[in-house]
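Engineer: One structure follows; several queries about it will come next.
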Amino acid sequence: MRDRIIHEIARSVVAAGGVENVIQALVEAITRGAEAKGCTLLTLKEGGRRLVHRVSYGVGKGGLGEGNILADHALEHILEGNPLFIWDMASDPRVIRKEEADREGVASMLFLPVRDSKGVNGLMQLYFSEGKKLGGEELAFLDALAELGGFILEKAEAQELLLRDAEDAHRDLLQMRKERRHFLSFLSMVTHDLKSPLVAVQGYLKVLLRKSADCLDERMIAGIRRSIQRLDAMMELVSDLLELSRLESGQMLYEFKTVSWEEVLGAAVEMAHELAEPKGITVATEIHRPLPEVFASDIRLQQLILNLVSNSVRFTPRGGRITIRARLENDAVIVGVEDEGTGIEPEKLPHIFEEFYKGDPESPEGTGLGLSICKRIVDQHHGAIWAESPVPETKKGTRVTFSIPVGVICRLEDKWLLEENVSPSLPGKPKGGKE
Amino acid sequence: MAKKILLADDDPEVVDATSMLLEDEGYEVITAKDGAEALEKIKEENPDLLILDLLMPHVDGFGVFKALEDPAFAKWSKIPIIILTSVRREVSNRRYELETGRSMSYGAYLEKPAEPDELLATVSSLIGNAG
């Protein structure tokens, strides 16, 4: 019972006041209450081989406070769990530095082993300036207080370790952020350097084609046209690679804010029309309002929908139709893009969200990255994406559906990536710490 | 007299291909490889139109823009400008607003790669035919 009570007290007291304050108060209260000259609390470190001064009241830190005034065997006996009271410091054979005791004016000393849940973790020394008689009950009570000190020391150890871990983690986080910034700026540079020559070369080809169409035969003209197209494809690949890398490194999280699904869909549908109309494809919508607001990136959600639409446009013949649906269901917004196009073979279906997976490897169109970018965007919004082909209701085409939860989901690591100035602070951390 | 166009871009290929295109249509083309050279040539040559790249060394396109707002360039502050760049329009507009507190105003903004026909149509809409 005694253990339980003491443990409870230790926990709530430390939570309220912080370790330093409590052990300071402890040694002071004990000194005054026992009408002693002073009191020192020492911690046992290095697996029980060294006593280190932790706090004292009424007596100097050096000398007596160092914890080595007793002969080794006497000290060992105490640290095995046996309290010791030395009535006369000046003449007791167990005291090895009598001159210290004399200098401080200490006549008697009480040595109390201090315990925590695992065993003895320290020593409490109580100093008396005159010969003192302590009754059995008083000794037992002081012993209980020493034990309280022990539990508190245990909490202090744990807290220090926690703080050290938090500081390490913080340092790693800052390093990670720095590296990510470097990487992103490197990426921008590289993509620019990759794209510029492609743009220049394509520009030349276009102008040459224009100028010399009269003196080139059909085959040469076709060759130049093909070259221009292939350069377009390369530029798209470079852009997609940049996108993917940006998404990988969490760039998107910076764009998160409160957005309206209705606005996102409105803009996406408008752009979908622009993509589909030139190819003679109609866009139908089935949007069940009202739709909620969500903490997300509106540009990415639009990009997601448009990627799906442009896939559908690519594989749907002229005169075909694409349907965009959206509804709220069980705390998530579900959006589907459905077409009547050529569909996806069943054996390919499980792979379509992989990077560089192209439904038709021979086709020059598309980079194979579009759907993996879609999946990244969905992942970063903690949602899910899946495809059905053929569409069960119509037996043809493809439908890609994704769901995005409505609740603000912000994992701890997301939060730390977003906040630039997070610093660890725990209750009881001594003021004037390193930060 | 033929209309004069000042083309500023640090990529020699872009400068060559675009000059070829414009000269074929009858325009006179002066070129500059960065913003500093562009500003000098504006003073020397009095072009009727500027085609400006944004990302150039020393003085970039934004630098030219800002310089043209300075009283020293008052005589040329009304020259129509076509921005021809790989930077996305919203990005440029936002950057300019952040840096100067004003919105960027230009005759036209074309994102590279631009179709030759589109470029010619844009030039013509701003200064007419070569003349």
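None of the figures in this text is laboratory data; all of them are computed from the coordinates on show. As the structure is a prediction and not an experimental result, all values here were calculated from the model. Neighbour counts run over all protein chains shown; Cβ positions are idealised from the backbone, glycine included.
Engineer: For A:ASP379 and A:ARG50, FRET efficiency with R0 = 60 Å and r from the beta-carbon atoms, rounded to 0.05? The partial results should precede the final answer.
Structural biologist: Numbers: r = 51 Å, r/R0 = 0.86.
About 0.70, to the nearest 0.05.
Engineer: Kindly give the semi-axes, whole Å and largest first, of the ellipsoid equivalent to region A:95-205, taking each as the square root of 5 times a Cα gyration tensor eigenvalue.
Structural biologist: 71, 16, 8
Engineer: Still on this structure, I have one more. At what distance in nm do the modelled label points of A:ALA25 and A:SER260 sit from each other, each positioned 7 Å from its Cα along Cα→Cβ?
Structural biologist: Going by the 7 Å Cα→Cβ label model, 5.5 nm.
Engineer: While we're looking at this one, here's another question. So which GluC sites (Glu not before Pro) in region B:33-122 pass both tests, a DSSP loop state and at most 14 other Cβ atoms within 10 Å of the Cβ?
Structural biologist: Passing sites in region B:33-122 are B:GLU69.
Engineer: While we're here: Would you calculate the separation in nanometres between label points at A:THR342 and A:ARG97, each defined as 7 Å from the Cα along the Cα-to-beta-carbon direction?
Structural biologist: 9.0
Engineer: Which whole DSSP H helices in chain A pass both tests: a Cα extent of 27 Å or more along the axis and a mean Kyte-Doolittle value no lower than -0.5?
Structural biologist: Once both thresholds are applied, what remains is A:136-212, A:218-248.
Engineer: Please express the shape of region A:189-333 as an equivalent ellipsoid: the semi-axes are the square roots of 5 times the eigenvalues of the C-alpha gyration tensor, given largest first in whole angstrom.
Structural biologist: 37, 22, 10
Engineer: Note the full-extension length gain between A:GLU35 and A:ASP88 as 0.36 nm times their separation in residues minus their Cα-Cα distance, in nm to one decimal.
Structural biologist: Extra length from A:GLU35 to A:ASP88 when fully extended: 17.4 nm.
Engineer: I'm checking a number: the convex hull volume of the Cα atoms of region B:34-88, normalised per residue, in Å³. What is it?
Structural biologist: Dividing the Cα hull volume of region B:34-88 by its residue count gives 72 Å³.
Engineer: Quick one: compute the contact order of chain A, relative version, from alpha carbon pairs under 8 angstrom and 6+ residues apart, as a percent.
Structural biologist: 11
Engineer: Ratio of Rg to Rh for chain B, alpha carbon only, Kirkwood? Before the final figure, lay out the partial values.
Structural biologist: Numbers: Rg = 13.6 Å, Rh = 14.7 Å.
Result for chain B is an Rg/Rh of 0.93.
Engineer: Another question, then. Using a basic spin-label model with each label point 7 Å from the Cα along Cα→Cβ, how many nm lie between B:GLU45 and A:ALA166?
Structural biologist: Output for this residue pair reads 6.4 nm.
Engineer: Let me ask something else about it. Hey, with R₀ at 25 Å, roughly what FRET efficiency would B:ASP16 and A:SER227 work out to, going by the Cβ-Cβ distance, to 0.05?
Structural biologist: Efficiency for this residue pair is about 0.90.
Engineer: For region B:61-131, what are Rg and Dmax over the alpha carbons, in angstrom?
Structural biologist: Calculated on Cα positions, Rg and Dmax stand at 13.2, 39 Å.
Engineer: Follow-up. Let me spell out the model: positive unit charges on the Cβ of Lys and Arg, negative unit charges on the Cβ of Asp and Glu, origin at the Cα centre of chain A. What dipole size does that give, in debye rounded to 20?
Structural biologist: 800
Engineer: If packing is taken as the average count of other Cβ atoms within 10 Å, what order do B:7-19, A:134-146, A:104-116 fall into, highest mean first?
Structural biologist: Ranking the peptides B:7-19, A:134-146, A:104-116 by packing returns A:104-116, B:7-19, A:134-146.
Engineer: Here's another thing I want to ask about it. Show which lysines lie in cross-link reach of A:LYS211 when reach means a straight Cα distance below 22 angstrom and same-chain residues fewer than eight apart are skipped.
Structural biologist: B:LYS3, B:LYS4, B:LYS112
Engineer: Kirkwood hydrodynamic radius of chain A from all distinct Cα pairs, in Å?
Structural biologist: Evaluated on chain A, it is 28.6 Å.
Engineer: Also, I was wondering about something else. Hey, fewest Cβ within 10 Å first, where do A:ILE334, B:ILE51, B:ILE82 land in order?
Structural biologist: In order of increasing Cβ crowding within 10 Å: A:ILE334, B:ILE82, B:ILE51.
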